[in-house]
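Asks: Submitted below is the structure of interest, expressed as structure tokens.
Derivation of every value follows stated rules applied to the coordinates shown; laboratory data play no part. Please read these numbers as outputs of a predicted model, since none were measured by experiment. A quick note on method: Cβ atoms are made from the backbone with ideal geometry, for glycine too, and the neighbour counts reach across all protein chains shown.
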Amino acid sequence: MRIILASSSPRRSELLEMLKISFEKRPSSIDEKNTFYEKPEQIVMGLSFEKAFQIAHLEPDAIVIGSDTIVYLDEVLGKPENKSDAYHMLRKLSGRTHDVYTGIAVICESRKIKRVDYVKTEVVFNELSDAEIQAYIDTGEPLDKAGAYGIQGQGALLVKQIRGDYFSVMGLPLSKLNKIMIDEFRINLLTREGL
Ligand SMILES: Cc1cn([C@H]2C[C@H](O)[C@@H](COP(=O)(O)OP(=O)(O)OP(=O)(O)O)O2)c(=O)[nH]c1=O
């Protein structure tokens, strides 16, 4: 079966490429700002579902994967609008523990399969000086990332500890995805059974 990743995120593509499976990319155009969901897990599951559903509708025979990531610390931290927004997010995260929520939706319209779930991971940040925050903002990494950092880049230096799934922090919970593929499609991304 064709697998479609309903995402424009380069990280999500990289993670699927790492599994050496063939898939197509087809970004959705969901407006993530106007979401009416409130709790972090509802936000990431709702947006993951909307992203996958938009494409699944157009490609009813394919398995369509959608995902969404937010950082949560007292409030939702999405992608920063600008450098000053990034500064405030990183200042807030400094020396504290936050939760990263990543939703995953897997839909196949023709088989009437719609699964949505999420993974929560705790990330502990180092105490950051203003000079360190400025230097990190100058790397250019923060702007397209939830919480204004990327754990897979120079942002690794901000992180003291993580409790949970590294790949979900990066943008796609791979083990959870495989579990859904096995449960719903009898496809095992590791053994390649069913692919
Ligand atoms: C916390 C964190 C987020 N991120 C990224 C993953 C996501 O790309 C981004 C969160 O934005 P999302 O809205 O989840 O995804 P996106 O807009 O980039 O892509 P699409 O909606 O088309 O799927 O933040 C990292 O790369 N590393 C990290 O450590």
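Asks: Go through region 85-144 and report how many residues are under 24 Å from residue 165 (Cα atoms) and in a strand (DSSP E or B).
Replies: Counting residues in region 85-144 that are under 24 Å from residue 165 (Cα atoms) and in a strand (DSSP E or B) gives 23.
Asks: Picking from 63, 4, which residue would you name as being touching a Cys at 6+ places or on another chain (Cβ under 7 Å), farther than 21 Å from residue 128 by Cβ and surrounded by 16 or more Cβ atoms within 10 Å (Cβ to Cβ)?
Replies: The unique qualifying residue is 63.
Asks: Hey, among the residues in region 55-72 that are touching a residue at least 40 places away in the same chain (Cβ under 8 Å) and assigned to a strand (DSSP E or B), which one's farthest from residue 15 (Cα to Cα)?
Replies: That would be 71.
Yes or no, residue by residue, for (1) surrounded by 14 or more Cβ atoms within 10 Å (Cβ to Cβ); (2) outside any loop (DSSP other than H, G, I, E, B); (3) among the β-branched types (Val, Ile, Thr):
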position	(1), (2), (3)
17	no, yes, no
30	yes, no, yes
33	no, no, no
38	no, no, no
41	yes, yes, no
50	yes, yes, no
53	yes, yes, no
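Asks: Can you spot a residue in region 140-149 that is within 14 Å of the ligand (Cβ to nearest atom), of a type in the set (D, E, K, R) and free of Cβ contacts under 8 Å to residues at least 24 places away in the same chain? Lay out the reasoning, then the answer.
Replies: Kept after step one, since they are within 14 Å of the ligand (Cβ to nearest atom), are these residues of region 140-149: 140-149.
Filter again for of a type in the set (D, E, K, R), leaving 141, 144-145.
Now narrow it down to the ones that are free of Cβ contacts under 8 Å to residues at least 24 places away in the same chain: 141.
For region 140-149, residues within 14 Å of the ligand (Cβ to nearest atom), of a type in the set (D, E, K, R) and free of Cβ contacts under 8 Å to residues at least 24 places away in the same chain: present.
Asks: Looking only at region 167-189, which residues are within 16 Å of the ligand (Cβ to nearest atom) and not hydroxyl-bearing (Ser, Thr, Tyr)? Spell out the reasoning first.
Replies: Here is the first cut: in region 167-189, the ones within 16 Å of the ligand (Cβ to nearest atom) are 167-174, 176-177.
Once the filter is applied, which keeps residues that are within 16 Å of the ligand (Cβ to nearest atom) and not hydroxyl-bearing (Ser, Thr, Tyr), region 167-189 yields 167, 169, 170, 171, 172, 173, 174, 176, 177.
Asks: In region 12-33, what count of residues is obtained for those that are without any contact (Cβ under 8 Å) to a residue 24 or more places away in the chain, within 13 Å of the ligand (Cβ to nearest atom) and not charged (D, E, K, R)?
Replies: Here the count works out to 2.
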